[in-house]
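Input: a single structure, listed below in structure tokens.
What follows draws every value from the coordinates through simple rules; no lab data is involved. Model, not experiment: these values are computed from the prediction. No Cβ is skipped: glycine too gets one built from the backbone with ideal geometry, and neighbour counts run over all protein chains shown.
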Amino acid sequence: MKALIQRVTNAKVNISGKTKGSINKGLVVFVGFAENDTNEIIEWVINKIRKLRVFTDQEGKMNNSVEEEKGEMLIISQFTLYASVKKGTRPSFTEAAKTELAETLYNYLLEYVSNNTSLYIQSGIFGADMQVELTNDGPVTILVERE
């Protein structure tokens, strides 16, 4: 599993010209899945993200987590995190999980976050053509991976 997180001051996802979800201060989390990903991997990644100290304290040091900041989270499925450009100029996505498995894992992830955190959560729609707008704060962008 790969999760690309971005610390934001605000973000929203639009689908067919309509806002599906929006957040204020928090994290945008783009998630991609591989064929060997499991619920346990998802739980590890989410628990890592919610505890990552990526928000600044009063002294300007990154010491606070999204939970400590009472931040929000916008979660977007993005299979292109598994793009390979080793050969040629067209990305290959053979390392990404097949659609049915990826959707199951994505739905589990959303359920896990909702049931195991107090964070305000918004999400896109799996497989939809989405337009994501965000204001990256810092910028802070971190890739969290687990196999």
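Odds and ends about this structure:
- Looking at Val85, Val66, just one residue is buried (at least 22 other Cβ atoms within 10 Å of the Cβ) and either free of Cβ contacts under 8 Å to residues at least 40 places away in the same chain or touching a Gly at 6+ places or on another chain (Cβ under 8 Å) (or both), and that residue is Val66.
- Residue check, Lys2 touching a helix residue (DSSP H, G or I) at 6+ places or on another chain (Cβ under 7 Å) and among the basic types (Lys, Arg): yes
- Of everything in the stretch 48-61 that is in contact (Cβ under 8 Å) with a residue 12 or more places away in the chain and surrounded by fewer than 16 Cβ atoms within 10 Å (Cβ to Cβ), the residue that is farthest from Tyr108 (Cα to Cα) is Arg53.
- Residue in the stretch 36-43 that is crowded, with 19+ Cβ neighbours inside 10 Å and under 14 Å from the mean Cα position of the chain (by Cα) present: yes
- Hits in the stretch 63-75 (condition: under 17 Å from Val28 (Cβ atoms) and touching a strand residue (DSSP E or B) at 6+ places or on another chain (Cβ under 9 Å)): Ser65, Val66, Glu69, Lys70, Gly71, Glu72, Met73, Leu74, Ile75
- Residue check for Leu143: loosely packed, with under 15 Cβ neighbours inside 10 Å, within 13 Å of the chain's Cα centre (by Cα), touching a residue at least 40 places away in the same chain (Cβ under 8 Å) and within 17 Å of Leu27 (Cβ to Cβ): yes
- Residues of the stretch 1-30 satisfying the condition of being of a type in the set (A, V, I, L, M, F, W, C) and outside any strand (DSSP E or B): Met1
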